[in-house]
1. Could you say which residue among V10, V46 is β-branched (V, I, T) and touching a Lys or Arg at 6+ places or on another chain (Cβ under 7 Å)?
2. Scanning region 72-120 for residues that are of a type in the set (A, V, I, L, M, F, W, C) and in a loop (DSSP other than H, G, I, E, B), which turns out least open to solvent (accessible area, probe 1.4 Å)?
3. So, of the residues in region 54-71 that are among the basic types (K, R) and assigned to a helix (DSSP H, G or I), which turns out to be farthest from the chain's Cα centre (by Cα)?
4. If I ask for residues that are closer than 30 Å to P68 by Cα and either in the same structural domain as F83 (by the TED database) or open to solvent by 40 Å² or more (accessible area, probe 1.4 Å) (or both), which ones from region 10-36 would you list?
5. Within region 54-71, how many residues are open to solvent by less than 70 Å² (accessible area, probe 1.4 Å) and of a type outside the set (D, E)?
6. If I filter region 43-53 for residues that are surrounded by fewer than 11 Cβ atoms within 10 Å (Cβ to Cβ), assigned to a loop (DSSP other than H, G, I, E, B) and polar (S, T, N, Q), do I get at least one hit?
7. Suppose we filter region 1-38 for residues that are among the hydrophobic types (A, V, I, L, M, F, W, C) and either in contact with a Pro (Cβ under 8 Å, 6 or more places away or on another chain) or farther than 26 Å from I54 by Cα (or both); how many remain?
8. Which condition from (1) at pLDDT 90 or above; (2) within 25 Å of the chain's Cα centre (by Cα) is the one that E40 breaks?
Amino acid sequence: KRDIPVANFVMHEIHCSRNIEVCRYCGESIPKSEMKNHIESEHVQVTCKCQMKIEKNLLKDHEASACPLRPALCQYCDIQLAFNKLQDHEAYCGARTERCGGCGRNIMVKDLKEHPQVCG
């Protein structure tokens, strides 16, 4: 999978066919002596805390961006909770009210950012 000078090509090809194997899962060139370890460390199926089965090498990305149980912060109170609970929590949390120091009205937390523009 690399450019090889013509003068070395035959020797290189012999060396590769004896010592290198292409991983059937990711297509990477791996030394034959390390293939078993590569498959066990990179491609073994693991179970995420959300019960999804996924290749070990993809688990970190899944946990960071796709797992429904990944940590997420509420935009209104900064409490950390599971991502799959965030929408319900923010609907409740954003509907709380706080008194505006300027006009004295009770304003929903979700509207506090825009309120100064209309505050009398």
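1. Sole residue among the options that is β-branched (V, I, T) and touching a Lys or Arg at 6+ places or on another chain (Cβ under 7 Å): V46.
2. Per the criteria, the residue is C74.
3. Here the residue is K56.
4. Correct list: R24, Y25, C26.
5. Total satisfying the criteria: 9.
6. Yes, that holds for at least one residue.
7. 9
8. (1)
The values are calculated or read from the model by the stated rules, or taken from the named source; none is laboratory data. All values derive from a computational prediction rather than experimental measurement. Every residue, glycine as well, gets a Cβ built from its backbone with ideal geometry; the counts of neighbours run over all protein chains shown. To get the accessible areas, we keep the full protein, side chains included, count just its heavy atoms, and leave off ligands, DNA and RNA. Shrake-Rupley method; radii C 1.70, N 1.55, O 1.52, S 1.80 Å.
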